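The values are calculated or read from the model by the stated rules, or taken from the named source; none is laboratory data. As the structure is a computational prediction, the values presented were derived from the model and not from experiment. Because the Cβ atoms are built from the backbone with ideal geometry, glycine has one as well, and the counts that use them run over all protein chains shown.
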Protein chains: 2
Amino acid sequence: MTETAMMSKSERVYQHLREEILTGAYPEGYRIVLDKVARELDVSPVPVREAVRRLEAEGLVVFTRNVGAQVVGIDAGDYADVMQTLAYLEGAATSLAGPHLEPEHLAEATRLNTEMRLLATAPDFDAVQFTTLNERFHRVLCEPCPNKHLLELVHREWQRMAMIRRSSFGRLPSRPATSVAEHENLLELLREGAAADDIERIARAHKLRTMKEFLGT
Amino acid sequence: MTETAMMSKSERVYQHLREEILTGAYPEGYRIVLDKVARELDVSPVPVREAVRRLEAEGLVVFTRNVGAQVVGIDAGDYADVMQTLAYLEGAATSLAGPHLEPEHLAEATRLNTEMRLLATAPDFDAVQFTTLNERFHRVLCEPCPNKHLLELVHREWQRMAMIRRSSFGRLPSRPATSVAEHENLLELLREGAAADDIERIARAHKLRTMKEFLGT
DNA sequence: ATCGGACGGATCGCATACGATGTCGGGCAG
DNA sequence: CTGCCCGACATCGTATGCGATCCGTCCGAT
């Protein structure tokens, strides 16, 4: 859980609201009323305003002067934009991370992919669990990217995807079998220390295929 | 100039501080004291807090609890990270914009590049003006990108570059002649409706060369 | 002489209070 | 009956004030 000890109130409010939004407790379009939140969390409206402003800067809510804040709604077009952007960014990050991947990173990624393979072939396919593993898989492969700024952008896109996932659409496509195979493909490239261009191309294509499949159906 | 009419005070303060930071009036490392700013702009500290928080979310200042805000400092490593990220993003945006470029866009870009060529060969080379034109050139070529989310990220990186430019380093490298030639190259690809991959590769390489040249010297 | 602790100024963090602004619904004119 | 205007309510925006926290400094003990 988040370290609630000795944080500023505005920070606590921020964490709280963020949690509510990302878990879907506040559905998309939900109207956030400052005074109400303030009373619920037993603080004054001032720190709440600050928290909401931060959420706005992160793109989690929209805020209109003298009107208030609403949890952002995301439609299929937004999904496509974010996913495409993520394809570019994650492709770049993965390719840059390539030369910095230690054997243990590869081992971990391989382990995660194996787990995904098991899940994919299981009779009662658990899409949520699969998605979680998928995220962790790509996280392991991006994390060693030496460009921290780029990595930061990737993280933001992931968060946005998490939000989209719990939002409009029920569950996003998983393409279990195909995904696992593409992952294996990518891992093989990384193991043999392939050229950055190749890694980038494969990683990007992987993401774009997921996107296109969803939009196509 | 910025629409100062009928904006909330926090908005005005935000614009003001942003201006001060980006123009370099507040040098990097400058300590922003809430009460001081509040008195200067004749508002209470509350809106100032909000404005500073927004600047923090944008990465223009760092804020430490019970201590205050400082204008961020950017070193060569940060420059490299941002520039590399921008290379990826701008490459992507330009390639996506390709099919949506109207003749007038290409004409405008060509015009700008011609102006840059004139500037490059002028005896008293004006680096600032050259940089401005360079930004406008790439802006024209990115703007039609249909992925608004990606475009938004590109804009953020541009802002960050603007900040870096006025920051640590005096003036960033311009490579006048080479740049102009590479621009012409890129324009030619766009005119003939080249494949997205090619456009992306050239646009990216152009940016990366600028970066490497600076880091190399 | 050096180190540790206590004091004070500077600054931030938040609660409260009130004025400003937007929204919604009811009443009146057409 | 329908449309417009006005007024009340809900909510936001900001000023003021006070307590909390941090940092630099001075003093005394070792």
How many residues, within the range A:187-217, are of a type in the set (A, V, I, L, M, F, W, C) and within 22 Å of the chain's Cα centre (by Cα)? 9
Quick check on my filter: what residues within the range B:1-27 are within 26 Å of A:GLU11 (Cα to Cα) and either of a type in the set (Val, Ile, Thr) or in contact with a strand residue (DSSP E or B) (Cβ under 6 Å, 6 or more places away or on another chain) (or both)? B:VAL13, B:ILE21
Determine which member of the set A:THR94, A:THR85 is outside any loop (DSSP other than H, G, I, E, B) and more than 10 Å from every other protein chain (Cβ to nearest Cβ). A:THR94
So, A:ALA97, is that one surrounded by 13 or more Cβ atoms within 10 Å (Cβ to Cβ), within 17 Å of the chain's Cα centre (by Cα) and more than 16 Å from DNA strand D (Cβ to nearest atom) or not? no
Can you name the condition, by its number, that B:ALA203 falls short on among (1) assigned to a helix (DSSP H, G or I); (2) modelled with pLDDT under 90? (2)
Does the range B:170-192 contain at least one residue that is under 21 Å from B:ASP81 (Cβ atoms), assigned by TED's automatic domain parsing to the domain that holds B:GLY91 and surrounded by fewer than 15 Cβ atoms within 10 Å (Cβ to Cβ)? yes
Condition first: in contact with a helix residue (DSSP H, G or I) (Cβ under 9 Å, 6 or more places away or on another chain) and either free of Cβ contacts under 8 Å to residues at least 12 places away in the same chain or not assigned by TED's automatic domain parsing to the domain that holds B:ASN66 (or both). Now tell me which residues in the range B:16-34 satisfy that. B:ALA25
Being assigned by TED's automatic domain parsing to the domain that holds A:ARG204 and of a type in the set (A, V, I, L, M, F, W, C) is true for just one of A:ALA57, A:ALA107. Which residue is that? A:ALA107
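What about A:ARG49, is it under 24 Å from B:HIS149 (Cβ atoms), within 10 Å of chain B (Cβ to nearest Cβ), within 15 Å of DNA strand C (Cβ to nearest atom) and touching an Asp or Glu at 6+ places or on another chain (Cβ under 9 Å)? Spell out the reasoning first.
Numbers: under 24 Å from B:HIS149 (Cβ atoms): no; within 10 Å of chain B (Cβ to nearest Cβ): yes; within 15 Å of DNA strand C (Cβ to nearest atom): yes; touching an Asp or Glu at 6+ places or on another chain (Cβ under 9 Å): yes.
No; evaluated as a whole, the condition is false for this residue.
Using the structure shown, decide if A:GLY91 is surrounded by fewer than 17 Cβ atoms within 10 Å (Cβ to Cβ) and out of contact with any Gly (no Cβ under 9 Å at 6 or more places or on another chain).
Details: surrounded by fewer than 17 Cβ atoms within 10 Å (Cβ to Cβ): no; out of contact with any Gly (no Cβ under 9 Å at 6 or more places or on another chain): yes.
So A:GLY91 does not fit the description; no.
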Taking the condition of being within 8 Å of DNA strand D (Cβ to nearest atom) and either part of a helix (DSSP H, G or I) or among the small types (Gly, Ala, Ser) (or both), how many residues in the range A:13-43 meet it? 3
Checking the condition hydroxyl-bearing (Ser, Thr, Tyr), within 24 Å of the chain's Cα centre (by Cα) and within 14 Å of chain B (Cβ to nearest Cβ), which residue from A:TYR26, A:TYR14 passes? A:TYR14
Quick one: which of B:ALA80, B:ALA107 is in a helix (DSSP H, G or I), surrounded by fewer than 21 Cβ atoms within 10 Å (Cβ to Cβ) and facing another protein chain (nearest Cβ under 9 Å)? B:ALA80
When (1) away from DNA strand D (no atom under 16 Å from the Cβ); (2) outside the structural domain of A:GLU157 (by TED's automatic domain parsing) are applied to A:VAL48, the one that fails is (1)
Would you mind telling me which numbered condition in (1) touching a strand residue (DSSP E or B) at 6+ places or on another chain (Cβ under 9 Å); (2) away from DNA strand C (no atom under 16 Å from the Cβ); (3) among the aliphatic types (A, V, I, L, M); (4) over 19 Å from B:LEU153 (Cβ atoms) A:LEU106 fails? (1)
State all residues of the range A:52-71 that are more than 16 Å from DNA strand C (Cβ to nearest atom) and within 12 Å of chain B (Cβ to nearest Cβ); if no residue qualifies, say none. A:GLU56, A:ALA57, A:GLU58, A:GLY59, A:LEU60
